[in-house]
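Throughout, read-outs are computed from the coordinates displayed, never taken from laboratory work. Computed from a predicted structure; not experimentally measured. Here the Cβ is made from the backbone with ideal geometry for all residues, glycine too, and neighbour counts use every protein chain on show.
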Amino acid sequence: MNIHEVNGKHESVQNFCELGKDAQELINAAIEARKFSYSPYSKFKVGAAIRVGDGSIISGCNVENAAYSPSICAERTAACKAISTGHSEFKAAAVVAFQQDSFTTPCGVCRQVLSEFAKEDIPIYVAKPSPVRVLVTSIKSLLPHSFVPLPTD
Ligand SMILES: [Zn+2]
């Protein structure tokens with residue numbers, strides 16, 4: 001196990017086969033969702049899955065567009081599906097994509113969106129489509145100073 005400290009939080013690279021059943025199930029859902037990726041422009045397929053408050057899993061893939069800016073990441077596709085079906089509490093998330101030499105962590109925008117619906121620090125599993133090693137991190141490790149609006153009077 002390779003553990004390093006990031007902003008006072010621990011994250012580690014773990015073997016997929018040694019993760020708990022719930023984490024494996026979440027990663028597998030992200031792998032399945034990635035198969036539906038609509039990414040003819042970047043050719044970069046991403047799948048994501050979110051464990052919501054009632055324990056179910058809601059997944060999504062990236063959806064690109066010819067005009068580029070309407071494109072949406074897999075994590076936000078899953079988040080929007082979750083919210084729009086009444087699941088506003090996120091318990092864990094997984095992201096799956098393939099880069100030869102690194103893990104594909106969520107972009108800054110997706111970190112902020114996931115953070116919005118995580119009542120506490122939640123695990124984020126980052127894996128490749130044939131997961132052997134998994135980066136196990138958390139939303140607060142990925143986004144230690146998320147934007148929180150000032151309270152209004
Ligand atoms: Zn993103």
Leading residue at positive end of dipole, the stretch 2-141 (Cβ point charges), from ILE27, PHE117, ALA92: ILE27
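Could you give the length gained on full extension between VAL13 and SER56, defined as 0.36 nm per residue of separation minus the Cα-Cα distance, in nm? Kindly include the intermediate steps, with their values, before the conclusion.
Working: separation 43, 0.36 × 43 = 15.48 nm, distance 2.50 nm.
That works out to 13.0 nm of additional length.
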Unit charges on C-beta of K, R, D, E only; dipole of the chain, Debye: 420 debye
Within straight-line cross-link reach of LYS43, lysines at Cα separation under 25 Å, skipping those fewer than 8 residues along the same chain: LYS35, LYS81, LYS128
Shape box of the stretch 2-141 [Cα atoms, principal axes, largest first, Å]: 40, 35, 28
